[in-house]
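Values in this text are rule-based calculations from the coordinates and carry no lab data. Since the structure is predicted, the reported quantities are computational estimates derived from the model, not experimental observations. Because the Cβ atoms are built from the backbone with ideal geometry, glycine has one as well, and the counts that use them run over all protein chains shown.
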Amino acid sequence: MLLKPVLAFALLGGLGLAAQADELAPAPTSLPVFALNPQQPSPVPSPWSGGYVGSEVFGISGSGRGMKGGVGGDTNFGYYHEFSNNLVVGVQGATGYMPSVFRNSRYRGFDIAATNVMIGYDMGQFTPYMTVGGILAKPQTIGATGYTGASNAVNGLFTGSSDLRGAASVGVGFDYVVNDNVKMGFSATVIHGGPGFYGPGPLP
């Protein structure tokens, strides 16, 4: 006779536990779609990738007897590409004017066109690099106007007399990003033209 009250008590106790569990279960939360699937931020474009056009003024130092310095300028252009390992590779071109470094020369300076390959490393705003390339040069005699623009430099190279000569170049430098549209830098280039690449020449 004692079996029935025990079973009834067990059954009622089980129902009470189930009801208590239902009361403690958290209500389902409805989150907005952007919280469930947050959007990844867009990658910041590298300042060292893409094309560019610019201009520069440069100085040439001449040390030693019979040497002198001078100032030249050019219009330059190129394209850079940065790889995932921060290596930057670029192709550069320029056309302009380079002054003669010889005092006793019948040449005022040279119309030039240059191209080179640049390899650098992106360190943030600062990128050191080295260049290897070639240069074409054609002399301007005393009394010429010097550098008056990229188009005049190109015309001077490929018209008139046939004194056009070539040389190899190697250089090092660095660029610094000021903002999205402006970069500043410094470079040093050594030009090796071999024997006969525009020595002083006699004065007329």
(request) Please work out how much length the chain gains when fully extended from Phe158 to Asn86, using 0.36 nm per residue of separation minus the C-alpha to C-alpha distance, in nm with one decimal. (result) 22.0 nm
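For a quick check: sort Thr95, Thr75, Thr159 by the number of other beta carbons within 10 angstrom, fewest at the front. Can you show the working numbers first?
Working: Thr95 23, Thr75 18, Thr159 9.
If I rank by nearby Cβ atoms, fewest first, I get Thr159, Thr75, Thr95.
In a shell of Cβ-Cβ distance under 15 Å around Tyr176, excluding Tyr176 itself, what net charge do Lys and Arg (+1) and Asp and Glu (-1) give?
Net of charged neighbours comes to -3.
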